[in-house]
Amino acid sequence: MSKPYAPPYTLTSAFVHRVAEICDAFGGMETALRLGPKDVRTHVLYSELLSGMGEFDLAFEHADQAVTVSQGVARMGIVLNLGRPRFMARQFDWVLDHYASFLKDNPGAWLAHFYRSLAFGAKGNFEEALAEAKLA
């Protein structure tokens, strides 16, 4: 029994296809922002896409814009999640300060403790990391 035929450039084809999807995502987000420059969800999603690609400065701009135009519960959720791209950018002190401030008004926010735990661990402060992890 012979093996099924596999094209010789399967991985390359998959890579090229993925790059095309990412380009489509960028184009879609940019179009959405042109059509609705104050759309909170688009700013959040674009910020997440950019941070995943390592484009942190632009990601932070869109995250800040999302905070500016959002209100109420949506704003709180956005502010709560600001630490992930900052952690990815290795801005551990920013993460620690941001969530210390956030926890003053929201002491039960387990995600804030989680990100503080990660930041302390990344800085090598393992006792503080463990203490925060227990609160998460």
Taking only pairs six or more apart or across chains, which ones have beta-carbon atoms under 9 Å, a first residue in region 23-36 that is within 11 Å of Leu49 (Cα to Cα), and a second residue that is among the polar types (S, T, N, Q)?
-> Met29/Thr42
Tell me, which residue of region 80-110 that is basic (Lys, Arg) and closer than 25 Å to Arg41 by Cβ is surrounded by the most Cβ atoms within 10 Å (Cβ to Cβ)?
-> Arg86
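With respect to Glu128, is the statement that it is in the same structural domain as Gly27 (by TED's automatic domain parsing) and not aliphatic (A, V, I, L, M) true? Give the steps one after another, and end with the answer.
On the way: in the same structural domain as Gly27 (by TED's automatic domain parsing): no; not aliphatic (A, V, I, L, M): yes.
Criteria not met by Glu128.
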Odd one out for Val69 among (1) surrounded by fewer than 16 Cβ atoms within 10 Å (Cβ to Cβ); (2) in contact with a Lys or Arg (Cβ under 7 Å, 6 or more places away or on another chain); (3) over 28 Å from Arg41 (Cβ atoms) | (3)
Here the residues within region 25-51 that are hydrophobic (A, V, I, L, M, F, W, C) and surrounded by fewer than 13 Cβ atoms within 10 Å (Cβ to Cβ) are Leu35
So which of Gly77, Gly54 is surrounded by fewer than 16 Cβ atoms within 10 Å (Cβ to Cβ), assigned by TED's automatic domain parsing to the domain that holds Glu21 and assigned to a helix (DSSP H, G or I)?
-> Gly77
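The values are calculated or read from the model by the stated rules, or taken from the named source; none is laboratory data. These figures come from a predicted structure and were not determined experimentally. Using ideal geometry, Cβ is built from the backbone for each residue, glycine included, and neighbour counts are taken over all protein chains shown.
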